[in-house]
Each structure stands twice: as structure tokens, then as C-alpha cells.
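Take a look at the structure below.
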Amino acid sequence: MGWSHKYWVGRRNDAYEAFTAVYPQLADVPDVGYNGDISIEAIISLQPDVVLASSTGANYNALEPAFDNLRAAGIECVFFDFHAQTVEKHTASVKLLGKILGQEERADEIADFYTEQMAVISERLADLPDEARPRVYMEFSMGPGQYGNTWSEQMWGALIRECGGTNIAAGMEGASVEIAPEQIISADPEVIIFTCSPREDVSDNVVLGYGADESLAREHLEAYKSREGWTDLSAVKDNNMGALYHDLSRHIFDFAGAQFLAKQIQPEIFADMDPEANLAEFFERYMPVDLDGVWTLSLK
Amino acid sequence: MSYKEQNDSSRAVYARLNQKKYWIIIGLGIVCVVSCILDILTAAASPAYRLSTQEVLRCLFNPGQASAGTYVIVIKMRLPISIMALIVGFALGMSGAVMQTILHNPLASPYTLGVGTAAGFGASIAIILGLGSIATSALAFAFAMLICMMIYMLGRNNINSGSLVLSGIACLFLFQALQALLQYGASEDQNQSIVFWSFGSLQRTTWMKLLITAVVVLISSPLIFTDSWKYTALTMGDEKAASLGVNVSGLKIKAFFLISLMAAVSVCFTGSIGFVGLAGPHISRMLVGEDQRFYFPVSALCGAALLSMASIISKIIQPGSVFPVGIVTSIIGVPFFFSLVFRSNRNGRR
């Protein structure tokens, strides 16, 4: 067995620590490189039956030139798509994984759980008119001092629409976009939500996820209110600000991220829904690690 | 024709030529002002959320009456950024021109000699250590000054030949390699920040950064302008200038220090903005020739106008976001620049 060490230790360090706490042997899993650095030789020398990878460009492009060599060595590549964030691809990916690991029943159960959780949102918002959709701004938290990127039509950008809001960055080119600070002010968002994960290069960002501290996250989220020109934004005046773990996307448990978003954007429609409890239930039933730390945060 | 008549007529020609050059300076000054105003009026926001031109103008003339949001957008964001574009462009155009004169080399510019690369390296260290934005600028400045000192120390024994340019290029490669080393070891998060910093952007401008840059440029450039005649003598060759009584090494040391300061303070706040420091001097030479009294200010004003226009374009390219201006100056500037160079070659000028 081998994996992309740099992905877990560098980019997803909180998850890496949560998992190594339960499975210390993970730390000894051989590294095969990451994206452009992937070493096909390292993969072949480990003699796996199958390579599991994400269907995102960087992953696929790194492996695609080596398909023939891998196959000659008796190794197949399987790609999962959790990136598109559609119920179809999420459930198809989980079921495929179940088939490979011989856990089809469990995979079907997880897929059904996911489908049900997402259906709550799509059913209640099916007939929502555009006038009832507040303006929403989302940003990857890099601290108040610098503007993190936002999303136009993909990832969180697409979710804003699905969760009953109007994305103020909709229609811009590219998946993750650098928004001009003046656009945020002139668009006057009614809801602001940050996506957060630990960063090595900044210290005043909001940090949520495995092992995150609530009071520190709250303090950092409050600090955004004093950003240049933000005191008069509707979202800031009404305290309609929230934050969630960035990895509550592109995961089989990302229904909780979508539900949190929906509840922040449409609090009346989703008053009875409890995203945190649903996430806890998922972890209880299906995850090998504990759900610890704070994953979502709302100032209201 | 008597000697006196001949003398008078050449004086008249000289006066007419000079007058034309003054008009070029005035014209370029107007271009800069107009471009700056257009820059302030140009919204970065997508059409649905744009401030109207009237709103911006009303806020400019009567900031107290404007709504809080409009005030922040116009006075705290657009105004300092637009003025910063002029000042940084001015500083880069100026330092490029001075570098080309003292090094007798048309390829010299702060960027080609590695000032931007060294600043990027300094910024990368700060980003990797997570020191925050003030330290990032400070380290970028320190390394930009350091590379200038290194270039000077390496080349000073033979300051009158091409060795300064060579040592500049050697330092450029050194810092590029160091930067690559840092990035190889850095995490993906850090790399993303480093790359973004090094693109070159005016968006990090605040009034404070603008003030610091402006003070440095306003003190340094007059000190260069007052030596214009000496630099003109230098264009005939270092020996000729020395025989005319110019202290060549003294002049070069002073010039090198002043332009290092201007270039370093510019890149430490904006990141690498290439090309402006190279194009400014060449356009200037085409417009006014080698007379350094005109060549320096025209190059500086060309730099200012170029960067200001690039700032406008960087907001238009993708409504709602601001494209890194360093990429704009290179992608749009390079073809434009080559067309100028090739046209003037065809006309038999150089």
C-alpha cells in the first residue's frame, strides 16, 4: 500500500493527524508522490492491485501517460468523482469503492444516507423564486488581511444556488476566482460564509475541522467585521456571518456542509434541520475516527 | 554664411528641437493624468454591481457626502491603487533608463538584473515562515537591496565594462535557483501564496504603502535629474565623460544606489512587474533620443503611463476580479513593444 504523503501531511494535516491517532501505521505508508511528482516506479514497486485516484485534472493527468505501463504490471487505475458535487457522482463513486473493497452493502447504505440528506435541501427549495434568494458571498479564509478566493459556478459557487442563495460572484470566469474587494462592497451581500481549514502560511485565518478550537475560530471570524468597508454590509450589520470546514465539500459527508449553507441562507425554511447532528450521526455510523473539533460556526 | 549666422541657425534648430521635447513631456504628463482618472473611474466589479461614473465623481469631489461603501471603494481602494500605478511605473521607467545609461546596455532593467526575483525570494521566505504582510514587504525590500549590493560588489572592480550586467544576470540565476529550492520544499498552500505574490499586483496598495513609495521616488528622482548633463556625457563612453571632468565611478555608485532604492521599494509592495522598466527607456529613446535631460523624465513618464493603462486593462479583462497587472504588462506590452522596435528598425533608425 502507498499514498500521496504530501497531500495528507501538507494540505490536509488535521485529517492526517486525526487518522494517524487511530491508525498509527498510516505514518509508515510509503509515499508515491503527489500530482506532478507521482512516481509510477514507486507505485509499481509496491505491487498494488489497483490505484484509486480522484478524477480531477491534476490526478488524472499524472497517471494517464502511465496507463499502459501500469496495466502491463497488472495494475488498474480507478477514478472517483467527488469533485463535481452532484448526488449522482457522489453515490456512484461510493458504490464503486464498495464494489472494489467487497463492501457493497455498506456502500449502498452510505449512498442512500447521502441521497436522503441531500434530498431535504432539493425538495424544500424546489420552487424557491429568485426574489427569495438573498445575496451570498463565500470566501476561503486567509485572514482578514488578505482576500482568499471565492467560487463562481463550481464547488461552493454552485452550492450557493442549490442552497437557496444568489452568488455575488456568479458568472465570473474560472472555478475558483479572485474577487475584486470593491465588488463585495458594491454587491452588499446579505449572507457571508467563510470556508476554513488550517493553513501553514497564515495564522489569523478562521480554522475549523478536526481538533479546531471554537473560541479562537469565533474570534477570527469576528475580526472580519472590521475589514475595510465591511461595517456597513448588510450581512455584517445583521450578523449573518458563518464559517464551515473547507472539507465539508467533495466528501461523502459533505451533505452537512450543504445543509449548514442552506440553513445560513434560508433559516426559516430549514429551522428544524440540524446539520451538525446529521454529521455526528454519519460519523457515529460510518467513520473510523471521532468527529472532534468544531466544523461549523454561525455568529447568529 | 558667416560663422555667427551658422551658429545662430543651429541655435534656432536646437531650441526648436528642445521645444518639441518639452511638448512631448507635457503630452505624456497629460496622458498619465487622463489614464489615472480613467483608472479611478474603471470598476473592477461585474456589471450588476458597478458604481456609476457619477457616483464615483461625486465621491471624489465630495467624499463626506458619499455612502460608506462608495467612500471605501473610491477613496480607500481605487484612489491609492491608481496613484500607485503611476508612481511605481514612474520609478521603474526611471530606474530602467538610468541602468541602461550607466551600464551602456539596452537590456538592463531592474527586472532583467534580478531585482524582482530577489524581492520574490525575500517574500517567499516571509510567506513560508508565516510572518505576515509587513514582514513580507520588508524582506522583499531587503533582498531587492541585497541583490543590488551583490551586483555592485561583484562588478565594482571593473565597473566600466559589462561585468555589472553579467554579475546581475548571475545573481538573477542564483536567486531563481534559491526560489525554486524554497518552492520545492514548501507545501501547496505556501506555494500558492508565493506564486500569487510574485505575479505582481497593485491590489495590496494602501495609503501608507503609497506614501512610502512616493517619498522615496520624490527624493530620489530629483537627485538623478540634477546630474542629467553628467549622464549625457556618459553616453559618449566612460573615458570621454571622465576626460570632461565627470567622476564616473562616483556618479555610477550614486545612481546605482538611488535606482536600487526606487526599484526595491516598488517591487516590495507590488511584486514583480516586469517589462515596464525595459520598455520605458526604449520608447523614450525613440521619442527624445539620448539627451538625458529629456530621456530620463520621458522614460519615467512612459513607465507611469504604461502601468496606469495596464491597471485599467487588468480590471476590464475579467469583470469582478482584478487580473494580476504584472501579467498584463508583459502579455500586452511585449507585442506592442516589439512592433515599436521593428518599425523603428525598418525606418533605418536605431
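The values are calculated or read from the model by the stated rules, or taken from the named source; none is laboratory data. Here the structure is a predicted model, which is why all the values come from computation and not from measurement. Cβ atoms come from the backbone with ideal geometry, glycine included; neighbour counts cover every protein chain shown.
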Can you tell me which residue among B:Arg50, B:Arg16 is closer than 22 Å to B:Met286 by Cα and of a type in the set (D, E, K, R)?
B:Arg16
Does at least one position in region B:116-126 carry a residue that is within 14 Å of another protein chain (Cβ to nearest Cβ), surrounded by fewer than 18 Cβ atoms within 10 Å (Cβ to Cβ), among the β-branched types (Val, Ile, Thr) and farther than 24 Å from B:Ser299 by Cβ?
no
Members of region A:171-187 found to be in a loop (DSSP other than H, G, I, E, B) and within 7 Å of chain B (Cβ to nearest Cβ), listed by number:
A:Gly171, A:Met172, A:Glu173, A:Glu178, A:Ile179, A:Ala180
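Are there helices (runs of 4 or more DSSP H) fully within region A:194-300 with at least 2 residues that are away from chain B (no Cβ under 14 Å) and in contact (Cβ under 8 Å) with a residue 40 or more places away in the chain? List them. Before you say what the answer is, go through the steps one by one.
Working: elements: A:214-223, A:234-237, A:255-265, A:275-286.
Answer list for region A:194-300: A:214-223, A:255-265, A:275-286.
Kindly state which helices (runs of 4 or more DSSP H) lie completely within region B:1-116 and contain at least 3 residues that are within 29 Å of B:Gln203 (Cα to Cα) and touching a residue at least 40 places away in the same chain (Cβ under 8 Å). Even if it seems obvious, please write down each step before you answer.
Numbers: elements: B:3-41, B:53-61, B:68-71, B:79-103.
So the answer is B:3-41, B:79-103.
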Taking region A:1-27 as the search range and keeping residues that are surrounded by fewer than 18 Cβ atoms within 10 Å (Cβ to Cβ) and free of Cβ contacts under 8 Å to residues at least 24 places away in the same chain, which one is nearest to the other protein chains (Cβ to nearest Cβ)?
A:Val9
Looking at region A:155-177, which of its residues are without any contact (Cβ under 8 Å) to a residue 60 or more places away in the chain and either out of contact with any strand residue (DSSP E or B) (no Cβ under 8 Å at 6 or more places or on another chain) or of a type in the set (Ser, Thr, Tyr) (or both)?
A:Thr166, A:Ala170, A:Gly171, A:Met172, A:Glu173, A:Gly174, A:Ser176
Across region B:60-82, which residue is farthest from the chain's Cα centre (by Cα) among those that are more than 12 Å from chain A (Cβ to nearest Cβ) and surrounded by 15 or more Cβ atoms within 10 Å (Cβ to Cβ)?
B:Leu60
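Checking the condition of a type outside the set (A, V, I, L, M), assigned to a helix (DSSP H, G or I), surrounded by 21 or more Cβ atoms within 10 Å (Cβ to Cβ) and touching a residue at least 24 places away in the same chain (Cβ under 8 Å), which residue from B:Ser299, B:Ser321 passes?
Values: B:Ser321 fails: assigned to a helix (DSSP H, G or I).
The unique qualifying residue is B:Ser299.
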Do we find a residue being farther than 28 Å from A:Ala84 by Cβ, of a type in the set (Asp, Glu) and modelled with pLDDT of 95 or more anywhere in region A:273-296?
no
With the condition being small (Gly, Ala, Ser), I'd like the helices (runs of 4 or more DSSP H) fully within region A:61-170 carrying at least 2 qualifying residues.
A:87-101, A:104-124, A:156-162
Scan region A:28-52 and report the pairs whose first residue is assigned by TED's automatic domain parsing to the domain that holds A:Ile100 and within 27 Å of A:Val94 (Cβ to Cβ) and whose second residue is surrounded by 13 or more Cβ atoms within 10 Å (Cβ to Cβ) and of a type in the set (Ser, Thr, Tyr), with Cβ atoms within less than 6 Å and a gap of 6+ or a chain change.
A:Val32/A:Ser39; A:Gly33/A:Ser39; A:Tyr34/A:Ser4; A:Tyr34/A:Tyr7
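Conditions tested, residue by residue: (1) surrounded by 13 or more Cβ atoms within 10 Å (Cβ to Cβ); (2) modelled with pLDDT under 90; (3) farther than 27 Å from B:Ser330 by Cα.
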position: B:Ser193; (1), (2), (3): yes, yes, no
position: B:Trp197; (1), (2), (3): yes, yes, no
position: B:Leu218; (1), (2), (3): no, no, no
position: B:Met236; (1), (2), (3): no, yes, yes
